[in-house]
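The values are calculated or read from the model by the stated rules, or taken from the named source; none is laboratory data. Keep in mind the model is a prediction, meaning the values are calculated, not measured. Cβ atoms come from the backbone with ideal geometry, glycine included; neighbour counts cover every protein chain shown.
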Amino acid sequence: MKRTEILISGFGGQGVVRLGQIFSTAAVYEGLYTTMLVSHGTETRGGYVRSQIVIAGQPIDSPVVENPDYFCAMSKSAYTKFMSLVTAGTILYDPGYVEPERNPIARHVAIPARDRVVQELGKDIFANSFFLGVLGQYFKTAIHKEHFYQALSERVAKFQAENRQAFDFGYSYQEGADA
């Protein structure tokens, strides 16, 4: 597998770090090399949070995401701050939080994570697992679904059944299904 850069950003309390941890753990279970950097504001909840993940089939020279292949924009401020980094990749964004640029350079995919998990599971706290499932679709040939399940059960202590359901909803989500 070639070097792939993933940027996930949103606000504190959305599970940005947990999403990055689960994705990275699943990649390790698959036998891939992976790194993850986390940065956040000083606020406990509601402030800026970012996870940078690099995965590859060989040792990784730098853990810094400079040109994301995939950017999960889970908030408007995250989208505004980082969308210019994505020049040839894909931006996955939640339209409940983000209104994309009118003439975007990168490919944009609307992922109604918050609305779908509230509708299906009654709580928005599972939106990160929905995003994880959608992101997992892009890596079907590189990371097996069972490795995502294994990482989810290891990294999530509470609401394991609901998080797995949210992941499954995201993993089976069809682009444009809500259009």
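For this structure, a couple of remarks:
- Here the helices (runs of 4 or more DSSP H) wholly within the stretch 25-142 that include at least 3 residues being closer than 16 Å to Ile8 by Cα and of a type in the set (Ser, Thr, Tyr) are 76-82.
- Selection count, the stretch 68-122, where residues are of a type in the set (S, T, N, Q) and either touching a Phe, Trp or Tyr at 6+ places or on another chain (Cβ under 6 Å) or within 18 Å of Gly170 (Cβ to Cβ) (or both): 3
- Scanning the stretch 153-163 turns up no residue that is in contact with an Asp or Glu (Cβ under 8 Å, 6 or more places away or on another chain) and either part of a helix (DSSP H, G or I) or exposed (fewer than 15 other Cβ atoms within 10 Å of the Cβ) (or both).
- None of Ser62, Ser84, Ser39 is loosely packed, with under 14 Cβ neighbours inside 10 Å, under 18 Å from Arg18 (Cβ atoms) and over 13 Å from the mean Cα position of the chain (by Cα) except Ser39.
- Candidates Asp94, Asp124, filtered to the one that is surrounded by 15 or more Cβ atoms within 10 Å (Cβ to Cβ) and under 12 Å from the mean Cα position of the chain (by Cα): Asp94
- Taking the stretch 102-121 as the range and being more than 20 Å from Ser51 (Cα to Cα) and either loosely packed, with under 14 Cβ neighbours inside 10 Å or in contact with a helix residue (DSSP H, G or I) (Cβ under 7 Å, 6 or more places away or on another chain) (or both) as the test, the residues that pass are Arg102, Asn103, Pro104, Ile105, Arg107, Arg116, Val117, Val118, Gln119, Glu120, Leu121.
- In the stretch 133-162, residue modelled with the lowest pLDDT [restricted to those that are farther than 19 Å from Val28 by Cβ and touching a Lys or Arg at 6+ places or on another chain (Cβ under 9 Å)]: Phe159
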